[in-house]
1. Per residue and in Å³, how big is the convex hull formed by the alpha-carbon atoms of the range 198-258?
2. Please state the Cα pair-distance histogram of the range 28-175 with 5 angstrom bins from zero: what percent is in each bin?
3. Could you tell me the convex hull volume per residue, in Å³, taken over the Cα atoms of the chain?
4. Would you mind checking the tilt of helix 239-250 against the longest principal axis of the Cα atoms of the chain, expressed as 0 to 90 degrees and rounded to 10?
5. Stretch residue 177-residue 38 to full length: gain in nm at 0.36 nm per residue minus the Cα-Cα span?
6. Ratio of alpha-carbon Rg to the 2.2 N^0.38 Å globular estimate for the range 9-99, to two decimals, please.
7. Taking every DSSP beta bridge with both residues inside the chain, roughly what % is antiparallel (nearest 5)?
8. How far is helix 196-222 tilted, in degrees, relative to the longest principal axis of the Cα atoms in the chain, given as a value from 0 to 90 rounded to the nearest 10?
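Read-outs: derived from the displayed coordinates by stated rules, not from any lab. Keep in mind it's a predicted model, so treat the numbers as computed, not measured.
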């Protein structure tokens, strides 16, 4: 068996994917990343053990993500290449969504906005400090939860109307681009007895709306009407509803593809695949 491994060493997690020749995905894995070296080798060992693979089954390795900067040699003697992270995001986003062109958004610790068009160089449009780090930091202070699963659980129990101010709270007159139920001010209507769940729901909503707004502006700049969301934040239960809202308001289509959390590692592996998959370097 000849396998290409794509490994995305991020700021908070390491994601690894195995591709067979032709680009077929055989398995994916994700681990918490504190130290990039430890997480890389730990993730790789866990991946091989879980899938009953040997080092000899791996023909090449593609590294990407911020932690890849700490690796300057072949891993276990296996030919190892580095793939520029923005390129990996773009290639992975298009591959998973089946699109030929789109604004691809990588929702990690921070957020990156990428212009990707099949057969052309990937372009980094802009970045935002609002992302998973914002979610964890604010929820830690406001509701005593920092872990992703805790935040998701709390937010699901919260009531956003006890946190956010809506257009309907300010006026009885709606506008085609400003329906009464949309947010006028995040955290503009905090109730005196707001619960931890309410605060978690407010933070999730603020982060998703901030990312969605920037994505819409990126689409306008690129004359495009398609956004592909990737990264672990795309798995938030509230993400789909937020996407529907932005589609209704701005006519931009938001896609959250299957395996979106592994888009960057998949893109890295595809970028060095010799069997017809897109290359970006």
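1. Considering the Cα atoms of the range 198-258, their hull volume per residue is 77 Å³.
2. Reading the bins upward from 0: 2, 7, 11, 13, 15, 15, 15, 9, 5, 3, 2, 1, 1, 0.
3. 118
4. It works out to around 60 degrees.
5. Result: 45.1 nm gained on full extension.
6. The value comes to 1.06.
7. Around 65 percent antiparallel, to the nearest 5.
8. Tilt relative to the chain: about 70 degrees.
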